[in-house]
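Chemist: One structure is given below, represented as structure tokens, and several questions about it will come after.
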Amino acid sequence: MIAWSAPSVPVLPGPADRAVVRLRDASGLLKESAEGPSATLYVCGITPYDSTHLGHAATYLAFDVLRRAWLDAGLQVQHASNVTDVDDPLLDRATATGVDWRDLAADQTARFFQDMTALQVLPPDTYLAVSETVPQVAEVVAALLAAGAAYQVPADDIAGPGDVYADLSLDPAFGSVFCSAAGLDDATMRALFAERGGDPDRPGKRHPLDPLLWRAERPGEPAWDAAALGRGRPGWHVECAVIAAAGLGPVVDVQGGGRDLVFPHHEMSTSHARLLGTTVRVQAHAGLVAYAGHKMSKSRGNLVFVRTLLADGADPAALRLALHAHHYRADWEWTDDQLVAAHQRLARWRAAVARPSAAPAEPLLATVRAALADDLDTPAALAAIDAWTQADGTDQTAPGLVRTLTDALMGIEL
């Protein structure tokens, strides 16, 4: 799949030994995000059955800032992501609306691309839809089955060998990071698994938490031929493991996504990745965005869409500012006055860089770099730029440097 067009990223001056970002991962530890000279990033993509809401945007902007900070540190960056265009929520929406699932996925993916383009988000280097990678996923599932790391469960509603599940008992590291850090006991894991697409009560499974790797064909559902497995489609978690390995190789420096993906999705996709020989060094998760008192969710319907705000006249740079005003790991609630404040901040910044001279910008650049290196502290970076705009000075190069700084590191054009 061809992603959206990449915005240009200007190069900033500075020493070659700039600090690499440290991130607080799922274990609660602050870790160096990349060991250099390269850096690899996998961010879980959308399930394209509705438009991009602010929760999505906040997540993708956070990891966009990570990429920009890596580039500024001189790292060679590889970023991979996916589009989950074969999944139950999308199929359910297609059935409910009478739209072919492929058309629905294509339409919503195109809308997502438009939103990311408007927000100046750097596109992934490897961007694959699940429908494009079914043969690779099927090959992996067949290999796990042959190795005894997976097993088949017959189903009453189909003929043939049935569905394929991973045997988590063969991965002694399962639960060692996410579940231990979060203090999830078995009952909580089963409840979350059921709530987030799993089937803990499926008869015939060896353990309630064993995740689906391959769903055998059911009437009316999309299916592909897989000689060793029969016709069917991939399970959710294994898709990301396969696409990450295909795009990034044996080491993923950072796997990112929203905090609601920690369990079961990231726990289980990481387990699959281990079995495939892929190491994930750091797991980083963005907080959840609420609106009208509840986390934004399609099931609740309390969504604020990026395209709606842009159509109503929001400046994309102001929208980025509104989201960067919150630390990426924080949970927070959207209110309309935040966008008003962001437009006011943007106006102050633009007025400041339009002056013929200003306070020196090199100290500001060092401060912003340090803020981003400290677990992507965008609120601190914004506060530093605010302070610079209020200072007087005679440096004629400063306005141009600050304009380059906000563009390169934060994707904000002044």
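The values are calculated or read from the model by the stated rules, or taken from the named source; none is laboratory data. Nothing here was measured: the structure is a model prediction, and the numbers come from that model. Cβ coordinates were reconstructed from backbone atoms using ideal geometry, including for glycine residues, and neighbour counts include every protein chain displayed. Ligands, DNA and RNA are stripped out before the accessible areas are found, and what is left, the full protein with its side chains, is counted by its heavy atoms. Shrake-Rupley method; radii C 1.70, N 1.55, O 1.52, S 1.80 Å.
Chemist: Once you have the alpha carbon radius of gyration of segment 100-157, what is it after dividing by 2.2 N^0.38 Å, with N set to its residue count?
Modeler: 1.69
Chemist: Let me ask you something else. Rounded to the nearest 10 Å², what accessible area does HIS327 have for a 1.4 Å probe in the complete protein model?
Modeler: HIS327 has an accessible surface of roughly 40 Å² with all protein chains in place.
Chemist: Using DSSP to define loop residues, name the trypsin sites (Lys or Arg not before Pro) in segment 72-148 whose beta-carbon has at most 10 other beta-carbon atoms within 10 Å.
Modeler: none
Chemist: In Å, what is the Rg of the alpha-carbon atoms in segment 71-221, and how long is Dmax?
Modeler: Looking at segment 71-221, its Cα Rg and Dmax stand at 18.7, 56 Å.
Chemist: Further question on the same structure: I'd like the antiparallel share, as a percent to the nearest 5, of DSSP beta bridges with both residues in segment 1-155.
Modeler: Around 25 percent of the beta bridges assigned by DSSP in segment 1-155 are antiparallel ones.
Chemist: Further, regarding this structure: Based on the alpha carbons, how large is the Rg to Rh ratio for the chain when Rh follows Kirkwood?
Modeler: 1.00
Chemist: Please give the per residue volume of the convex hull enclosing the alpha carbon atoms of segment 281-339, rounded to a whole number of Å³.
Modeler: 110 Å³
Chemist: Can you tell me the mean projection area, over all orientations, of the convex hull of segment 270-397's alpha carbons? Units nm², please.
Modeler: 11.1 nm²
Chemist: Distance from the Cα centre of segment 21-77 to that of segment 239-287, in angstrom?
Modeler: 12 Å
Chemist: Further question on the same structure: Just need log10 I(q)/I(0) for segment 222-329 at q = 0.17 Å⁻¹, Debye formula, equal scatterers on the alpha-carbon atoms, no solvent, rounded to two decimals.
Modeler: Rounded to two decimals, the profile gives -0.98.
Chemist: Something else about it: Only Lys, Arg, Asp and Glu count, each charged at its Cβ (+1, +1, -1, -1), so figure out the dipole size of the chain about its Cα centre, rounded to 20 debye.
Modeler: 580 debye
Chemist: Roughly speaking, what is the centre-to-centre gap between segment 152-179 and segment 345-391 when only Cα atoms are used, to the nearest Å?
Modeler: One Cα centre to the other: 51 Å.
Chemist: Restricting to Cα pairs below 8 Å that are 6+ residues apart, what does the relative contact order work out to for segment 6-70? Please round to a whole percent.
Modeler: The value is 31 percent.
Chemist: Then there is this: Taking the mean number of other Cβ atoms within 10 Å as a proxy for protection, how do you rank 373-380, 219-226 from highest to lowest?
Modeler: 373-380, 219-226
Chemist: Taking +1 at the Cβ of each Lys and Arg and -1 at the Cβ of each Asp and Glu, which of ALA341, ALA26, THR308 sits farthest along the dipole of the chain towards its positive end, judged by Cα position relative to the Cα centre?
Modeler: Toward the positive end, the furthest listed residue is ALA341.
Chemist: If you wrap a convex hull around the alpha carbons of segment 238-290, what volume per residue comes out, as a whole number of Å³?
Modeler: Looking at segment 238-290, the number lands at 68 Å³ per residue.
Chemist: Among THR367, GLY257, VAL353, whose Cα projects farthest towards the positive end of the dipole of segment 238-378, with charges put on the beta-carbon of Lys, Arg (+1) and Asp, Glu (-1)?
Modeler: Positive-end residue among those listed: VAL353.
Chemist: For LEU382, LEU276, what's the largest-to-smallest order of accessible area, 1.4 Å probe?
Modeler: Highest to lowest solvent-accessible surface, that is LEU276, LEU382.
Chemist: Taking Rh as the Kirkwood radius computed over C-alpha pairs, what is the Stokes-Einstein D of segment 370-414 at 20 °C in a medium of viscosity 1.002 mPa s, expressed in µm² per second?
Modeler: Reported coefficient: 190 µm²/s.
Chemist: Here is a further query. Could you work out the relative contact order of segment 68-136? I mean the mean sequence separation of Cα pairs under 8 Å and 6+ apart, divided by the number of residues, in percent.
Modeler: Over segment 68-136, the number comes to 49 percent.
Chemist: Within the accessible area of segment 270-398, what % is carbon and sulfur when the probe is 1.4 Å and the other protein chains stay in place?
Modeler: 54 percent
Chemist: Taking 22 Å as R0, compute the FRET efficiency from the Cβ-Cβ separation of GLU221 and ALA146 and round it to 0.05.
Modeler: About 0.30, to the nearest 0.05.
Chemist: For q values of 0.29 Å⁻¹, compute log₁₀ I(q)/I(0) with the Debye formula on a Cα-only model of segment 174-239, without solvent.
Modeler: Calculated log10 I(q)/I(0) at the listed q: -1.30.
Chemist: For the ranges 24-37, 123-136, what's the packing order if you count other beta-carbon atoms within 10 Å of each residue, average per peptide, and put the highest first?
Modeler: Result, highest mean first: 123-136, 24-37.
Chemist: Just want the answer: with Cβ charges of +1 for Lys and Arg and -1 for Asp and Glu, which residue in ALA118, SER169, MET189 is farthest toward the dipole's positive end in segment 99-191?
Modeler: In segment 99-191, that residue is ALA118.
Chemist: Given C-alpha coordinates of segment 19-95, what is the ratio Rg to Rh with the Kirkwood estimate of Rh?
Modeler: Checking Rg against Rh, the ratio lands at 1.08.
Chemist: A further question follows. Please state the relative contact order of the chain as a whole percent: Cα pairs under 8 Å, 6+ residues apart?
Modeler: 21 percent
Chemist: Kirkwood Rh over alpha-carbon pairs of segment 36-138, then Stokes-Einstein at 37 °C and 0.692 mPa s: what D in µm² s⁻¹, rounded to an integer?
Modeler: Approximately 223 µm²/s, per Stokes-Einstein.
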